[in-house]
Protein chains: 2
Amino acid sequence: MKRASSLIALIAMVAGQAYAAEGLWTFDKAPIDKIRAETGAVIDQAWLDHVRLSAVRLSSGCSASVVSGQGLVATNNHCVEGCESDLSARGTDYVKQGFSTAKREDERRCPGMDAEILTSISDITTQVNAATAGKTDRAYTLARDGALTTAEQAACGSDTAYRCEALAFFGGGQFKLHKYRKYSDVRLVFAPEQLIGFFGGDPDNFNFPRYDLDISFVRLYENGRPLATPEHLTWSRTAPRPGDAVFTAGNPGSSFRNMTMTQLADERDTLLRITNIQRAELRGRMIEFGKTSVEAKRVSDNRLFGVENSAKRDYGRQLALSDPAFMASRQAAETDLRDRVRADAALAARIGDPWGEIATAQRAYREHWLAYRELETAAGGGSDLFDFARLLVRGAREQAKPEADRLPAYAPTRIGAIQRDALDNFPVDPALDQMFLEFWLLKAREYLTVDSPAVKTILGSDSPETLSRRLISGTRLADPALRKRLWDGGLPAIEASTDPMIVFLRKMDELGVAEQKTWTSQVSGPIERAQARITQARFAVYGQSIYPDANFTLRLSYGKVEGWTYNGQTVPPTTNFAGLYQRATGQFPFALPAKWVAAKDKLNPNTVLNFSTSNDILGGNSGSPTVNARGEIVGLAFDGNILSLGGQYGFDPAVNRSVIVATVAITEALEKVYGQPRLAAELTGN
Amino acid sequence: MKRASSLIALIAMVAGQAYAAEGLWTFDKAPIDKIRAETGAVIDQAWLDHVRLSAVRLSSGCSASVVSGQGLVATNNHCVEGCESDLSARGTDYVKQGFSTAKREDERRCPGMDAEILTSISDITTQVNAATAGKTDRAYTLARDGALTTAEQAACGSDTAYRCEALAFFGGGQFKLHKYRKYSDVRLVFAPEQLIGFFGGDPDNFNFPRYDLDISFVRLYENGRPLATPEHLTWSRTAPRPGDAVFTAGNPGSSFRNMTMTQLADERDTLLRITNIQRAELRGRMIEFGKTSVEAKRVSDNRLFGVENSAKRDYGRQLALSDPAFMASRQAAETDLRDRVRADAALAARIGDPWGEIATAQRAYREHWLAYRELETAAGGGSDLFDFARLLVRGAREQAKPEADRLPAYAPTRIGAIQRDALDNFPVDPALDQMFLEFWLLKAREYLTVDSPAVKTILGSDSPETLSRRLISGTRLADPALRKRLWDGGLPAIEASTDPMIVFLRKMDELGVAEQKTWTSQVSGPIERAQARITQARFAVYGQSIYPDANFTLRLSYGKVEGWTYNGQTVPPTTNFAGLYQRATGQFPFALPAKWVAAKDKLNPNTVLNFSTSNDILGGNSGSPTVNARGEIVGLAFDGNILSLGGQYGFDPAVNRSVIVATVAITEALEKVYGQPRLAAELTGN
């Protein structure tokens, strides 16, 4: 659990440049020469285009790839658990039992799931900078958002087959427009039983060696028919060997590799300190909640997975930020850059003191973060019924305002996503939803205290328990038709509604909006503007060879199949079916599904099941195709080792490892365990 | 929630001396002149002896005081909740409904509760230092423990009416023998309903303004009759006024006010980081567990209180250690001492570099802490049945060893306490006990990982769920007669036992013993020896005017009735009955018991209910008599404000406040709410 303090890594970080396998490279700036020099692999623009056009981004927050000519998409099992849960019903638990289809007609649409393929990237930095020139504070934010919106509208117009997203890279140092072909009819084809799709469960999560068939397949449909996808990855029936170069193409969600030291300290001492405690308590409540009945377990298991996954992720982040050696490496990187800026008078004059400005903004961070969290970012605690009401109330109120006054997420180009979220149809379990709402109310009262005016507004003379019960039992917002009427009715319908959850949001939502505005003006806005100048400094000092932080856009990472050595212990890079059967104790989460017990003798014990690589991936990369230099898919990334979690803030090439499930194991399982020769044939082209 | 960074406090701390109300003074070194100079209050040795001989230490980890001539003892309600819970049964929940008696015969013995009165303090530093001279490592520890044991035996012999405790002060810079008159027949006399005894519940815990009748009464018995206690505190029917000097006499459990900066960093980054997360998850599980039935709530509520109280306490500690201003104040204090040592060559030569030695030991701390916690200090997770088995197995094994090889807690003079804990009779709820055991096993597996040899030894092919269910359902250790037979049978009985919990402990207890030995030799031993030299430095630099860290021995603190100002907001120091009724929303934990609702018009709205003072108290001080300069008891300390929690590491006189329940409110409640004129008369002598 202790972080390595590799001297090599330290030195690498000091220079502020990417070494070894580090890098979340955009597809328009892939370091082809560097890759060849470091790994021997030769890739070109055609290779990049092919991989990009085969890569898929899922609205479940995952990555995926097209792996047949008939729209078949491979991703992780945990990426479709939400879909499986939505398709399940009392007595039918697809998450647990898996989902399989005998014919195309059995494939079932995943409620709310979108799939997107990145068709183009354009640099719009010049336009945005022109629009924001000389502006600060709210004027800057409005001008920037206006320029981004304009770029999105210009590129996509009203064509609903596409989605355009203009967003900042390098913390605001660059702006780019991403155009995606969008598919909204995504159907579940195959997912294994949870016992094998998440073999080892939470204890093995973020650990390696690993034995996990974390895979699933969905299919893209258009006009009710499978999408023809001539552009797709070739499925490999061979595992890569140790030392082989491999690439991932996926959408890492976020990273903060250029945070200043004051930001890192607040990340550790404010944000993670409190979120880790709160999430742990929620985790405990969910585990006991799931014990109350089979049905309670079914409706809560997928949410529990999300909570536990985040809990371990943030445990790993806090671990890294609590490691003096890791913090020293970040300090060294910051010092190096600041020294180089100081040594260049012209540069220093141009850059000013963004580090000092961030330190000032971080004082506001420490003052406002808790209220911002409890009243805005964590408000509702994950209650779907609360979220529906907030989208409806805020949607109506914001749309009634002049465009320039609206919150960014409610701008005309973005309101479609809000509307879709507000009207989406999926089952809500009232008991679980009430627990989430109650938990949020309890934490808001605990952390802001009983005497806080905001808490008094929210609770009145209720307790968290009575209020959440009253709201959940009284609201009818689980009904999508009601939500449609309220959305279409706009502000008058919202004002007239007597639904208790709408009434509650009418009363309290302004508290959250106010916190968001304070946060934007005093914290995130100033930090973004200062970070943009730090980026300018990094470009000036280190050249164009740097990569931008993750922002859930498509990135290429390169690396090799390799294990690692830590505390004198060497971990080999591959596991196989034999190891799976050895690890299976018969007790959850180390119990195998009946089909796997039965198929033991049919499987080749030496088939590679999982392997580790030095690719630089992060949350959001789940399901990323792992391809070899020939562009064949050899595996799906589904995890990182525990030492990879500090990767949020800095990459350590000595020990940061991705964890991949091999295509060779997938095909063999489909054929020998699941009796799915049709699906295997579609993959392998036989 | 944000810590004040009072410049005054900072400056005060820099000098490394006690300022204003700071200080956990021992009764043999009370700063009489300083108290007079700062508060105007005149106390003398007779006053100190009287207060000391009226002060009581309870084995529930609380403080208390004798308040009548018939052995009546006043303490907090939360100090007897364990007793109430033990006396309760299905259908009778004394924690919830309170406990009252119409006559002496109704008073009921609290299982396992001891009460102790400190009769003498002797300095044994010279003897201990003579025994340890020139020794290091294990030899030092053995010699020291031997000397302490010898001192205890010399003072107490085999007289079971007394208990002698020889222990370190100033982190090993001094050793003192405390002799206590011990009372093992402690009976519950009166406790209010939990709704008023813990009004405001967890949300108001560690907050002020406060409205809480956190009181209870027990009585000391000897030979089946109430103990005659001519030495007792006079009960005041008047509340002290703002500015009045007040004193507390109680037993603060532990403090770490002389931790070095490396120790504080590990406290924050290792210990609190992990314990806070684990405890939060347990909290969540217990809350949901308590929802499953009325009975489940009854058996778990008192344990939940303990968990929540510790959770908020450690939240406050982590908050202080995450505050740059607070850490700067500790750094300033360390720098001041080290600079002064450096400036005195002879002193520097004598002291050496204890700070460097501690930094070295802290590296071992970071390496071993997690295993030490999971396998030893937190092993069993609070399962009583596990604890019984561990005491029995370890008791038998340690007693079979030569004296010099035994663990310190199993030395001949201490084995009585072990035996008593092993054989004590109280009800165990199997479902709750199983949850605690399961939770510990889950966390051991999660934090040490599935591949840890220790985890493999513990779990075998079981899961935490199956193992804990099997052990709890199979063990018969809830039966005290069985435990007596096993204890009396010694090692042969333990080796022959087929009780699954005994079998389990036989298998795994050695893992914990080994971790304890590693910890003592590599971490706590070296730190203790280095801290002893830091103490010598502090004596040399600051003179004898310093006080030792808390160690659950009797301490005097002085202060004044006063509020505080924080972030521009001034909090007045008193609350009254009128405020209580205003705060009562009718919803838990702000609902009043029926008797209080009924008595509203009989109570004087202006009667002081709670007040805050600048006394320096800590956990363990709960129930401390708060006395005025005349030695009259005016209240019982029951809490501190949220800003007092950093007091574990350093006292901030500007904002650190104790929270006290006034005797005037107690008497009025006994008379007007509870119809207990007999008890009120016993208190007031009428």
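Read the figures in this text as sums done on the coordinates, not as results from a lab. Every value quoted in this text rests on a predicted model; they were computed, and no experiment measured them. As a convention, Cβ positions derive from the backbone with ideal geometry for all residues, glycine included, and neighbour counts pool all protein chains shown.
Each other residue within a Cβ distance under 9 Å of residue B:234 adds +1 if Lys or Arg and -1 if Asp or Glu, for a net charge of 0. Label-to-label distances for residue A:126 across copies, nearest first, come out at 9.1 nm, using points 7 Å from Cα in the beta-carbon direction.
Residues of chain A were split at every exposed loop site, defined as trypsin sites (Lys or Arg not before Pro) in a DSSP loop with at most 10 other C-beta atoms within 10 angstrom, and the longest piece left, sites excluded, is A:104-686. Judged by the ratio a/c of the largest to the smallest principal axis of the C-alpha gyration tensor, the stretch B:354-509 counts as oblate, that ratio being 1.5 or greater while a/b is no larger than b/c. Near the amide H of residue B:234, within less than 5 Å, lie the amide hydrogens of B:633, all on another chain or at least 5 residues away, with H placed in the peptide plane. Placing unit charges on the Cβ atoms only, positive for Lys and Arg and negative for Asp and Glu, gives the protein assembly as shown a dipole magnitude near 80 debye about its Cα centre.
For the stretch B:83-148, averaging the sequence separation of C-alpha pairs within contact (under 8 Å, six or more residues apart) and dividing by the residue count gives a relative contact order of 23 percent.
A label point on residue B:540, set 7 Å along the Cα-to-Cβ line, lies at 5.2 nm from each of its counterparts in the other copies, closest listed first.
Electrostatic bookkeeping for residue B:252 treats Lys and Arg as +1 and Asp and Glu as -1; over the other residues with beta carbon under 10 Å from its beta carbon, the sum is -1. Here is the P(r) of the protein assembly as shown: all C-alpha pair distances, binned every 10 Å from 0, give 1, 8, 15, 20, 21, 16, 11, 6, 2, 0, 0 in whole percents.
Between residue A:400 and residue A:368, the simple label model (points 7 Å from Cα in the Cβ direction) yields a spacing of 2.5 nm. Our estimate of slack between residue B:45 and residue B:428, defined as 0.36 nm per intervening residue step minus the Cα-Cα distance, is 133.3 nm.
Counting from the shortest, the label point at residue B:31, 7 Å from Cα toward Cβ, is 6.0 nm from the same position in each remaining copy. For the stretch B:119-180, the relative contact order comes to 44 percent (Cα pairs under 8 Å, sequence separation of at least 6). Remark: the stretch B:541-558, residue by residue, has Karplus-estimated 3J(HN,Hα) of 8, 10, x, 7, 7, 9, 10, x, 4, 5, 8, 6, 10, 5, 9, 9, 10, 10 Hz, where x stands for each Gly or Pro and the curve is 6.51 cos²θ - 1.76 cosθ + 1.60 at θ = phi - 60°.
Between amide H atoms placed 1.01 Å from N, distances below 5 Å from residue B:222 occur with B:227, all of them 5 or more places distant or on a separate chain. Around the amide H of residue B:556, modelled in the peptide plane, lie the amide H atoms of B:25, B:26, B:27, all under 5 Å away and 5 or more residues distant in sequence or on another chain. Phi angles of the stretch B:264-269 translate, via the Karplus equation with coefficients 6.51, -1.76, 1.60 and θ = phi - 60°, into HN-Hα couplings of 4, 5, 6, 4, 6, 8 Hz per residue; Gly and Pro are given as x. Footprinting exposure proxy ranking of B:110, A:62, fewest other C-beta atoms within 10 angstrom first, gives B:110, A:62.
From the helices alone, meaning DSSP H stretches of at least four residues, give me the mean residue ellipticity at 222 nm for chain B, per-run term -39500 (n - 2.57), in deg cm²/dmol to the nearest 500. Spell out each step's value before the answer.
Details: 27 runs with 318 residues, N = 686.
After summing the helix terms and dividing by the residues of chain B, the value is -14500 deg cm²/dmol.
Rounded to the nearest 20, the size of the Cβ-charge dipole of chain A about its Cα centre is 180 debye, with Lys and Arg at +1 and Asp and Glu at -1. Across 10 Å bins from 0, what is the distribution of all Cα-Cα pair distances for chain B, in whole percents? Reading upward from the zero bin: 3, 14, 25, 28, 20, 8, 1, 0. Computed from label points 7 Å out along Cα-Cβ, the spacing between residue A:332 and residue A:346 is 3.1 nm. The relative contact order of chain A comes to 26 percent, based on Cα pairs under 8 Å that sit 6 or more residues apart. Compared with the direct C-alpha span, the chain from residue B:90 to residue B:254 gains 55.4 nm at full extension, assuming 0.36 nm per residue. Counts of other chain beta carbons within 10 angstrom of each beta carbon in peptide A:286-293 average 5. Dipole check for the stretch A:354-542: with +1 at the C-beta of Lys and Arg, -1 at the C-beta of Asp and Glu, and the Cα centre as origin, the magnitude is about 440 Debye.
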